[in-house]
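Any read-out appearing in this document is the output of simple, stated calculations on the displayed coordinates, not a laboratory observation. All figures in this text were calculated on a predicted structure; none of them were measured in a lab. Here the Cβ is made from the backbone with ideal geometry for all residues, glycine too, and neighbour counts use every protein chain on show.
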Amino acid sequence: AGITPDSFFYFLDTVSERVNLFFTVSSEKKAEKAVEYAEERFQEIKEMVSKNKTKEIAETTARYKESLELATREAQKIKETEKMETILEAVSKKVTEHQEELDKIKANLDKRLSDFDFNFFAGNRSF
């Protein structure tokens, strides 16, 4: 799983991603990387849930949302409609898959975490 949000060295992981995005010029490539990073954040959220790390869950959830929002913004800049739609569909599919999986996880959580809001995009289905 690599470096997880509860590691002292986690900042190195996120800094390297930000630097990588900064030097990525193409909106298409930037959107694709953002989707990839969102998937990484989702896996980290699941890992933090399994460890009952509520602070890290909240922080990683924020990073997850940022990655999906970046992917959407960058995809909307792509001039070729087909490529733009493909990336936006990928983002939408990921959100749906992740929400379904998190709903299952939430159903199995102990009371301490059950009040955490896993509905990332409740009321905001623009993805």
Among all the lysines, which ones have a C-alpha under 26 Å from K104's C-alpha, if same-chain residues fewer than 8 places away are not counted? K46, K51, K53, K55, K65, K93, K94
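If the chain between E85 and S16 were fully stretched, how many nm would it gain, using 0.36 nm times the residue separation less the Cα-Cα distance?
Working: separation 69, 0.36 × 69 = 24.84 nm, distance 2.79 nm.
Answer, rounded to one decimal: 22.1 nm.
Averaging over every viewing direction, what projected area does the convex hull of the Cα atoms of the stretch 8-59 cover, in nm²?
Numbers: hull surface 15.0 nm².
Computing the convex hull of the Cα atoms and averaging its projections yields 3.7 nm².
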Global form of the stretch 62-108, assessed from the alpha-carbon gyration tensor, a/c cut-off 1.5: oblate
Quick one: Debye curve from the alpha-carbon atoms of the stretch 1-103 only, equal weights, vacuum; give me log10 I(q)/I(0) at q = 0.15, 0.20, 0.22 Å⁻¹ to two decimals. -0.61, -1.00, -1.13
Starting from the 7 Å offset along Cα-to-Cβ, what nm value, one decimal, do you get for the label separation of Q76 and S50? 3.6 nm
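Could you give the size of the charge dipole of the stretch 1-108 about its Cα centre, using +1 on the Cβ of each K and R and -1 on the Cβ of each D and E, expressed in debye and rounded to the nearest 20? Kindly include the intermediate steps, with their values, before the conclusion.
On the way: 19 positive and 23 negative charges, 53 e Å.
Roughly 260 debye for the stretch 1-108.
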